[in-house]
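Have a look at the structure below before the remarks.
The values are calculated or read from the model by the stated rules, or taken from the named source; none is laboratory data. Values in this document were obtained by computation on a predicted structure and should not be read as measured data. Heads up, the Cβs are rebuilt from the backbone with ideal geometry, glycines too, and the neighbour counts pull from every protein chain shown. Protein only, heavy atoms only, side chains kept; ligands, DNA and RNA dropped before computing areas. Shrake-Rupley method; radii C 1.70, N 1.55, O 1.52, S 1.80 Å.
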Amino acid sequence: MSAIPSKSEILSWIADNPTLTAKRDIAKAFGIKGAARIDLKRVLKELEEEGHLSKRGKTYRDPEKLPPVSVCQVLAPDGDGDIYAQPLEWHGEGPEPRILLVLRHSDPAVGENDRILARLTEVSGEDHAYEGRLIRKIGTNPRKVLGVFRKETEGGRIVPIDKGADKEWTVRADATHGAKEGELVEAEQAGPKDRMGLPRARILQRLGDPSAPKAVSLIAIHQHGIPDEFPDEVIAEADRMKPAGLKGREDLRDIPLITIDPSDARDHDDAIHAAPDDDPNNPGGHVVWVAIADVAHYVRPGSALDREAWNRGNSSYFPDRVVPMLPDRLSGDLCSLHEGVPRAVLAVRMVLDSEGNKIRHRFVRGLMRSAASLSYEQAQAAADGSPDDKAGPLTEDVIKPLFAAHAAAKKAREQRQPLDLELPERKIVLSPEGRVTSVAFRDRMEAHKLIEEFMVMANVAAAEELFKRRYPLLYRVHEEPAADKLDALREVAQASGFTLAKGEVLQTRHLNHLLTQAQNTEFDELVNMSTLRSMTQAYYYPENYGHFGLALRSYAHFTSPIRRYADLVVHRALISAHGWGDDGLSEAETERLDETAKHISETERRSMAAERDTTDRYLAAYLSDRIGAELSGRISGVQRFGAFVRLDETGADGLIPVRALGREFFHFDADAQSLMGSDTGLTVEIGQRVTVKLAEAVPVTGGLILELVALDGTRVARGPGPMRGRGKPKPKPKGKKPKSTVERARKPAREHKKSEKTARKVTRKRK
């Protein structure tokens, strides 16, 4: 091991290598490894405290010099027309150094006071200390829009497809890119606004007919910036891969592991097996195997495949297509556990006691051969005594032991009390041409719960294993709900006739008690959805803050590295922690775990938003030929601009704009989540049953606009004056002083008009 360099040697290195000043770069330059890095960190800290170095992010530099990439502010041209810039990151003691901007013909124009990111080079013998080359202007990245092109005499207009967009864009004749009337296009802002105050755009891509059924998911993919084409080098790298052999692996091919997936599954990346434990010290116990495709064997740190997988973060799933994290050569072949084919895996052997508690586990890097690829329906039918020809031979020795082990695991789950939400999953069925033929809710069988429970157990084992070995990883973190979200949930519970404990530390069992109260009542779905909306969003992080929803102290994602980069990180950490090869977690990856966690949390949210938007558009297309039809539903949300309704038949969300409630002013009570008419006292609030008329269904945006027909079984009428509802006005909750009609009516009419305008723009994108 090399000795720690002197302070002068470190300063000399930084001066000679201004672009390699991260701690890892310095350590690599002087051959410093392992525990010696702690001593290097101490020396760097001393140099920082002595004023010889300053730290920016993870890099060190001489405080009397500018960083090689720096933020600057452009100054006015001098008498010779030269443009200089002022550094905004100067911390030295002397005067600010002068920076001469060396602009290329391809660079965009820069003006006085523009902020830019520039690459700096030190110069000597000049009246300036640095020359700067423009990387990009800060804060001026062009806005992009996806919309429908409307041709005009001189150019045309773009009508955005985003439900929240409020302005059209103008396109000059020389910026149409040959777009035709009605085509879906992608454009970016180009130049200042036109004389009508509209943003000006130039068209970048023509995407075809927006009403074509298979354009629905394509719109979401482009709108949310999801990469959907693999670079050539990534495809070439994947195509060169060959199946892994047995060398360095444990042979698991004699264990009858099987995969259980949806009948339309596009990949099979997890396999399971269970058997009674023959250890006399564990009577009634079970041994459960969970084997996961060894993606890390093929996707090496720093490779083209790895960079693209990191960039995508995860796969995105749509009714008509998948945008995978990895090319099909891996996701559909080498990393898919096909029946009867040897496949490389990382597997965990878990021993459960008779009550389903995991008493120990062991991870292996192995080679398996799937005994069968079954659907949920096949596995469930076999467990229920009606196996088909494929599942029949496996029923006694493979399928029944799995369900027996799950019966034990359920006991441990009931003791733990994770959040027990029952949320129906919509299934959009498409014709071969991509048109919606039906919308149904997927059946949720015991086989689904079996797979979910064993995957959770494997994820917990991975987190515990790496924590025990003190090895870095990415945890899946889910924090407890915020106080204001819980207050809103209590309002829903109270309005539905239920209670939620208050004044004590919230636990998942309290929420489960609420869900049990609502079970099999007309408020069942509403309470489940409201509970889901009260939850914080889970995310990835290198530190362990627990998983509230699952009631677990430690949780990580291990079971799907084909479609989640987080799982690939955990696989690599397990490989390194066990010394299974050189394809584990690299030092560079470890140092950027914070960045990776933030990035993949964002890509996950991006995919969820795109998938949700696609579902909205398909549902709007499905309902578009039923304009004027009356539909039943329930108020699922209330805002100042109107009420959201979840429709019973399809689960689609539509909006009743406040203008459609009546010609009076409606007071919005955020605490009670209600709208109350100033003249009639008509009250609209979460949980009410409604009958609505479908007024608009716009497939290109996914928007549904509804009109109120009946509220809690009572029809309402809209005449030339204020709308009147039958029955007495609903009283305000006790303890809240109702505002008088005069007080409610004092708000200016323009606010009401503004709410009407807002209703057209709003989306249902609510957590």
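Some points to look at:
- Leading residue by the ranking (modelled with the lowest pLDDT) among those in the range 251-272 that are among the charged types (D, E, K, R) and surrounded by fewer than 14 Cβ atoms within 10 Å (Cβ to Cβ): ASP264
- Qualifying residue in the range 181-202 (condition: part of a loop (DSSP other than H, G, I, E, B), open to solvent by 40 Å² or more (accessible area, probe 1.4 Å) and under 26 Å from GLU433 (Cβ atoms)): yes
- Filtering the range 101-119 to residues that are over 37 Å from the mean Cα position of the chain (by Cα) and either touching a residue at least 60 places away in the same chain (Cβ under 8 Å) or surrounded by 11 or more Cβ atoms within 10 Å (Cβ to Cβ) (or both) leaves LEU101, VAL102, LEU103.
- In the range 481-511, the residues that are surrounded by fewer than 18 Cβ atoms within 10 Å (Cβ to Cβ), at pLDDT 90 or above and either assigned to a loop (DSSP other than H, G, I, E, B) or in contact with an Asp or Glu (Cβ under 6 Å, 6 or more places away or on another chain) (or both): GLN507
- Top-ranked residue in the range 128-148 [being within 30 Å of SER217 (Cβ to Cβ) and in contact with a strand residue (DSSP E or B) (Cβ under 7 Å, 6 or more places away or on another chain); ranked as modelled with the lowest pLDDT]: PRO142
- Among the residues of the range 512-539, the ones that are of a type in the set (Phe, Trp, Tyr) and either in a helix (DSSP H, G or I) or over 23 Å from VAL645 (Cα atoms) (or both) come to 1 in all.
Residues checked against (1) of a type in the set (Phe, Trp, Tyr); (2) in a loop (DSSP other than H, G, I, E, B); (3) out of contact with any His (no Cβ under 8 Å at 6 or more places or on another chain):
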{"residue": "ASP254", "(1), (2), (3)": "no, yes, yes"}
{"residue": "ILE260", "(1), (2), (3)": "no, no, yes"}
{"residue": "ARG266", "(1), (2), (3)": "no, yes, yes"}
{"residue": "ALA275", "(1), (2), (3)": "no, no, no"}
{"residue": "ASN281", "(1), (2), (3)": "no, yes, yes"}
{"residue": "VAL287", "(1), (2), (3)": "no, no, yes"}
{"residue": "PRO301", "(1), (2), (3)": "no, yes, yes"}
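- Within the range 690-727, the set of residues being at pLDDT 90 or above and open to solvent by 30 Å² or more (accessible area, probe 1.4 Å) comprises THR691, LYS693, ALA695, GLU696, GLU707.
- Filter result for ASP613 (under 17 Å from ARG307 (Cβ atoms) and open to solvent by less than 60 Å² (accessible area, probe 1.4 Å)): no
- Check on GLY248, touching an Asp or Glu at 6+ places or on another chain (Cβ under 8 Å) and either modelled with pLDDT of 95 or more or more than 30 Å from SER316 (Cβ to Cβ) (or both): no
- Reported count of residues in the range 686-697, each being within 28 Å of the chain's Cα centre (by Cα) and either under 13 Å from ASP653 (Cα atoms) or basic (Lys, Arg) (or both), is 1.
- Residue that is modelled with the lowest pLDDT, among those in the range 639-669 that are of a type in the set (A, V, I, L, M) and touching a helix residue (DSSP H, G or I) at 6+ places or on another chain (Cβ under 9 Å): ALA660
- Sole exception among (1) modelled with pLDDT under 90; (2) closer than 30 Å to VAL429 by Cβ; (3) open to solvent by 30 Å² or more (accessible area, probe 1.4 Å) for SER636, by number: (3)
- All positions within the range 690-702 that are closer than 25 Å to LYS214 by Cβ, assigned to a strand (DSSP E or B) and in contact with an Asp or Glu (Cβ under 9 Å, 6 or more places away or on another chain): LEU694, ALA697
- Complete set of residues in the range 661-689 that are buried (at least 23 other Cβ atoms within 10 Å of the Cβ), in contact with an Asp or Glu (Cβ under 9 Å, 6 or more places away or on another chain), in a strand (DSSP E or B) and of a type outside the set (S, T, N, Q): LEU675, MET676, GLY677
- Taking the criterion of being on the phi > 0 side of the Ramachandran plot and either polar (S, T, N, Q) or buried (at least 24 other Cβ atoms within 10 Å of the Cβ) (or both), the only residue of the range 273-313 that qualifies is GLY313.
- So LEU526, is it more than 21 Å from ASP648 (Cα to Cα), touching a residue at least 12 places away in the same chain (Cβ under 8 Å) and open to solvent by less than 40 Å² (accessible area, probe 1.4 Å): no
- Residue in the range 444-460 that is of a type in the set (A, V, I, L, M, F, W, C), out of contact with any Cys (no Cβ under 6 Å at 6 or more places or on another chain) and surrounded by fewer than 17 Cβ atoms within 10 Å (Cβ to Cβ) present: yes
- When the residues of the range 536-578 are filtered to those that are basic (Lys, Arg) and either surrounded by 19 or more Cβ atoms within 10 Å (Cβ to Cβ) or farther than 19 Å from MET457 by Cβ (or both), the one that is farthest from the chain's Cα centre (by Cα) is ARG572.
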